[in-house]
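**Student:** What follows is a single structure, and I will ask about it in a moment.
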Amino acid sequence: MTPHTRVFVAGGNTLYGHALTTLLRAEGFESLVGVGTAEPDLTDAAATDAFFAQERPECVFLCAGRSGGIGLNRAAPVELMRDNLLTTLNVLASAHRHGTAKLLYLASSCAYPKHAAQPLQVESLGTGPMEPTSEAYSTAKFAGWKLCDAYRREYGCRFVTGFPANAFGPHDDFTPEGGHVIPALLRRAHDAKSRGDAELVVWGTGAPRREFVYSRDLARACLFVARNYEGEAPINLGGGTDLSIADVAHAVAEVVGFKGRLVFDTTKPDGAPLKALDSAPLLDMGWRPESDFRAALNETYHWFLHHRATEGRTHARRAV
Ligand code: GFB
């Protein structure tokens with residue numbers, strides 16, 4: 001990849017997409033295509049193909065497709081699955097048809113079996129049932145990986161799949177019902193503090209553990225993989241911090257300055273008991289995360305304060 005490589009971040013309005021676009025600009029990439037409103041509707045096969053025919057991206061980061069937290073996965077499995085299947089089908093077909101030289105597809109750690117050995121190794125993919133709360137979305141992500149694999153085998157396409165840990169950062173979905181745990185709790189802790197509430201409700205028991213990766217580090221990992229990894233096997237994109245949800249909730253309360261009590265609502269689902277990735281293959285290639293969890297949480301909250309705090313609580317974005 002050179003500064004002149006034509007790069008398309010598919011899903012530029014997502015959490016990952018924003019972080020990647022920012023990083024690519026900072027790294028001097030001058031030929032980003034399909035940025036902002038120039039991105040076509042990737043669920044529309046004809047629009048996607050016309051875009052690829054015109055722009056001919058040489059490198060594609062495929063982060064498109066709706067996603068959300070455990071609440072959205074339970075409320076809208078059809079929309080999540082359809083959006084991810086359609087965007088993946090369309091982008092891979094057009095990338096193949098118009099000669100994209102390298103593509104990195106971002107899958108999701110929830111596509112791993114619910115009870116796979118931890119930390120999660122790519123060899124475990126497909127060896128058992130997935131976590132039921134996100135099965136529809138996860139199945140679409142799993143299918144995306146398999147389709148990349150099929151393009152590799154049948155047509156020799158350099159399509160690589162990455163499985164990211166639970167990411168968070170600026171431009172995330174901060175809606176209390178639809179977002180992932182970090183942005184949703186930041187929003188609810190902020191609102192609770194503003195109202196002077198005595199309690200902050202945290203979903204589930206607080207016992208599940210998740211590996212978190214700051215979106216800026218995830219973007220760095222994606223660029224590193226695009227530059228250095230050609231393997232057939234998918235690659236885990238983690239190396240971040242493994243924390244319990246209770247730890248996260250306490251950290252959120254501190255960063256926001258919420259002084260009340262945390263209450264765990266056990267009528268809400270816990271989801272997978274533990275999700276931590278084995279990122280040894282990535283780390284062995286020399287990549288390292290740079291962000292400290294607490295500092296990243298603080299940056300994310302400050303981004304929220306400047307960009308989202310005054311928006312309505314029901315604000316919904318098309319994709320995160
Ligand atoms: O972030 P989250 O929705 O993702 O939830 P998953 C993680 C944990 O945080 C669960 C708890 O145990 C939740 O019960 N939690 C506590 C909360 N308070 C909250 C809250 O206010 N909001 C949310 N959302 N959770 C997702 C999948 O699962 O993983 C998606 O549903 C996606 O498909 C993502 O792939 C990576 O890790 O449980």
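**Student:** If you take the residues in segment 179-222 that are in contact (Cβ under 8 Å) with a residue 60 or more places away in the chain, among the basic types (Lys, Arg) and assigned to a helix (DSSP H, G or I), which one is nearest to the ligand (Cβ to nearest atom)? Please lay out each step first, then the result.
**Tutor:** The first filter runs over segment 179-222 and keeps only residues in contact (Cβ under 8 Å) with a residue 60 or more places away in the chain, leaving 179-187, 189-193, 197-205, 207-222.
After this cut, where a residue has to be among the basic types (Lys, Arg) as well, the list is 187, 193, 209-210, 216, 220.
Okay, now just the ones that are also assigned to a helix (DSSP H, G or I), so 187, 193, 216, 220.
Details: 187: 8, 193: 15, 216: 17, 220: 19 Å.
By that ranking, first place goes to 187.
**Student:** Return the residues of segment 223-267 that are in a strand (DSSP E or B) and at pLDDT 95 or above; say none if nothing qualifies.
**Tutor:** Once the filter is applied, which keeps residues that are in a strand (DSSP E or B) and at pLDDT 95 or above, segment 223-267 yields 235, 236, 237, 243, 244, 261, 262, 263, 264, 265.
**Student:** Now, a different point. Of the residues that make up segment 88-101, is at least one surrounded by 22 or more Cβ atoms within 10 Å (Cβ to Cβ) and more than 29 Å from residue 6 (Cβ to Cβ)?
**Tutor:** no
**Student:** Which count do you get for residues in segment 139-178 that are farther than 30 Å from residue 246 by Cα and either crowded, with 24+ Cβ neighbours inside 10 Å or touching a residue at least 24 places away in the same chain (Cβ under 8 Å) (or both)?
**Tutor:** 14
**Student:** It is to be established whether one or more residues within segment 69-76 are outside any helix (DSSP H, G or I), more than 10 Å from the ligand (Cβ to nearest atom) and within 26 Å of residue 19 (Cβ to Cβ). Reasoning before the result, please.
**Tutor:** In the first step, residues of segment 69-76 are kept if they are outside any helix (DSSP H, G or I); the result is 69, 76.
Now drop any that are not more than 10 Å from the ligand (Cβ to nearest atom), which leaves 76.
Of the ones still in play, those that are also within 26 Å of residue 19 (Cβ to Cβ) are 76.
Yes; the residues of segment 69-76 include at least one that is outside any helix (DSSP H, G or I), more than 10 Å from the ligand (Cβ to nearest atom) and within 26 Å of residue 19 (Cβ to Cβ).
Residue by residue, here is whether (1) under 19 Å from residue 17 (Cα atoms); (2) part of a helix (DSSP H, G or I); (3) among the charged types (D, E, K, R) holds:
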position	(1), (2), (3)
89	yes, yes, no
96	no, yes, no
103	yes, no, no
123	no, yes, yes
126	no, no, no
134	no, yes, no
137	yes, yes, no
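**Student:** If I ask for residues that are in contact with a strand residue (DSSP E or B) (Cβ under 8 Å, 6 or more places away or on another chain) and either away from the ligand (no atom under 12 Å from the Cβ) or over 29 Å from residue 194 (Cα atoms) (or both), which ones from segment 229-249 would you list?
**Tutor:** Of everything in segment 229-249, those that are in contact with a strand residue (DSSP E or B) (Cβ under 8 Å, 6 or more places away or on another chain) and either away from the ligand (no atom under 12 Å from the Cβ) or over 29 Å from residue 194 (Cα atoms) (or both) turn out to be 229, 230, 231, 234, 235, 236, 237, 238, 239, 240, 241, 242.
**Student:** Taking the options 32, 24, 42, 15, name whichever one is crowded, with 18+ Cβ neighbours inside 10 Å, within 19 Å of residue 158 (Cβ to Cβ) and in contact (Cβ under 8 Å) with a residue 12 or more places away in the chain.
**Tutor:** Unique residue meeting the criteria: 24.
**Student:** Can I ask one more? Scan 74, 82 and give me the residue that is basic (Lys, Arg) and in contact (Cβ under 8 Å) with a residue 60 or more places away in the chain.
**Tutor:** Values: 82 fails: in contact (Cβ under 8 Å) with a residue 60 or more places away in the chain.
The conditions single out 74.
**Student:** Which residue, of 210, 187, is within 22 Å of residue 112 (Cβ to Cβ), among the basic types (Lys, Arg) and under 20 Å from the mean Cα position of the chain (by Cα)?
**Tutor:** On the way: 187 fails: within 22 Å of residue 112 (Cβ to Cβ).
Just one listed residue meets the conditions, 210.
**Student:** Kindly provide the set of residues from segment 19-53 that are part of a helix (DSSP H, G or I), in contact with a strand residue (DSSP E or B) (Cβ under 9 Å, 6 or more places away or on another chain) and not charged (D, E, K, R), ordered by number.
**Tutor:** 19, 20, 21, 24, 48, 51, 52, listed by residue number.
**Student:** Condition first: of a type in the set (Asp, Glu), modelled with pLDDT under 95 and surrounded by fewer than 24 Cβ atoms within 10 Å (Cβ to Cβ). Can you find one or more residues in segment 108-128 that meet it?
**Tutor:** The answer is no, given that none of the residues of segment 108-128 is of a type in the set (Asp, Glu), modelled with pLDDT under 95 and surrounded by fewer than 24 Cβ atoms within 10 Å (Cβ to Cβ).
**Student:** What are the residues in segment 276-298 that are surrounded by 13 or more Cβ atoms within 10 Å (Cβ to Cβ), assigned to a helix (DSSP H, G or I) and out of contact with any helix residue (DSSP H, G or I) (no Cβ under 6 Å at 6 or more places or on another chain), if any?
**Tutor:** Of everything in segment 276-298, those that are surrounded by 13 or more Cβ atoms within 10 Å (Cβ to Cβ), assigned to a helix (DSSP H, G or I) and out of contact with any helix residue (DSSP H, G or I) (no Cβ under 6 Å at 6 or more places or on another chain) turn out to be 280, 281, 282, 283, 293, 296.
Here's the yes/no breakdown for (1) of a type outside the set (Lys, Arg); (2) over 14 Å from the mean Cα position of the chain (by Cα); (3) modelled with pLDDT under 95:
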{"position": "135", "(1), (2), (3)": "yes, yes, no"}
{"position": "138", "(1), (2), (3)": "yes, no, no"}
{"position": "143", "(1), (2), (3)": "yes, yes, no"}
{"position": "155", "(1), (2), (3)": "yes, yes, no"}
{"position": "158", "(1), (2), (3)": "no, yes, no"}
{"position": "161", "(1), (2), (3)": "yes, no, no"}
{"position": "170", "(1), (2), (3)": "yes, no, no"}
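**Student:** Is one or more of the residues making up segment 268-275 buried (at least 20 other Cβ atoms within 10 Å of the Cβ), within 11 Å of the ligand (Cβ to nearest atom) and assigned to a loop (DSSP other than H, G, I, E, B)?
**Tutor:** Of segment 268-275, the ones buried (at least 20 other Cβ atoms within 10 Å of the Cβ) are 271-272, 275.
Add one more test, that the residue is within 11 Å of the ligand (Cβ to nearest atom), and what stays is 271-272, 275.
Those still in the list that are assigned to a loop (DSSP other than H, G, I, E, B) too: 271-272.
Checking segment 268-275: at least one residue is buried (at least 20 other Cβ atoms within 10 Å of the Cβ), within 11 Å of the ligand (Cβ to nearest atom) and assigned to a loop (DSSP other than H, G, I, E, B).
The values are calculated or read from the model by the stated rules, or taken from the named source; none is laboratory data. Note that the structure is a prediction, hence the values are computed from the model and not measured. Methodologically, a virtual Cβ is constructed for each residue, glycine included, from the backbone with ideal geometry; neighbour enumeration extends over all protein chains shown.
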